[in-house]
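Reading through the structure tokens given below for one structure.
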Amino acid sequence: MKVMIIVVNINDNPAGLVVDQVSEVVDIIDKNIEPPPATGRKGGHFIQGLGKNGEKVKILLNVEALIKDDDWEEYITEMEVA
């Protein structure tokens, strides 16, 4: 099994997320990003927006919401100790 790491920036701190697969990496300019649709469902806060890339629409994840605050605080504490 191949392991990949996506590096993200959360509150000005780099963090690595282990993922199974990366299918594509694209740059989407701000004017092509729309707010997320109102779903009224639990978990809607995990979507940061919808990015248009040509004819395709990409779902942009809210990485900060994916990582629980408790998990992030633990990570920051570990980084300060190291």
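Things to note:
- Per-residue HN-Hα couplings for segment 2-17 [Karplus 6.51, -1.76, 1.60; θ = phi - 60°; Hz; x = Gly/Pro]: 8, 10, 10, 10, 9, 8, 10, 10, 10, 6, 6, 10, x, 9, x, 10
- Amide H contacts under 5 Å for residue 62: 47, 48, restricted to partners 5 or more places along the chain or on a different chain, H placed in the peptide plane at 1.01 Å from N.
- The trypsin sites (Lys or Arg not before Pro) of segment 9-62 that meet both conditions, a loop assignment by DSSP and at most 14 other Cβ atoms within 10 Å of the site Cβ, are 41, 42.
- Local electrostatic count at residue 27 - Lys and Arg +1, Asp and Glu -1, tallied over other residues with Cβ under 15 Å: +2
Values quoted throughout were computed directly from the atomic coordinates according to the rules given, and no laboratory measurement underlies them. On a predicted model such as this, the values are computed, not experimentally measured, just so you know. Quick reminder, even Gly has a Cβ in these numbers, built from the backbone with ideal geometry, and neighbours come from all protein chains shown.
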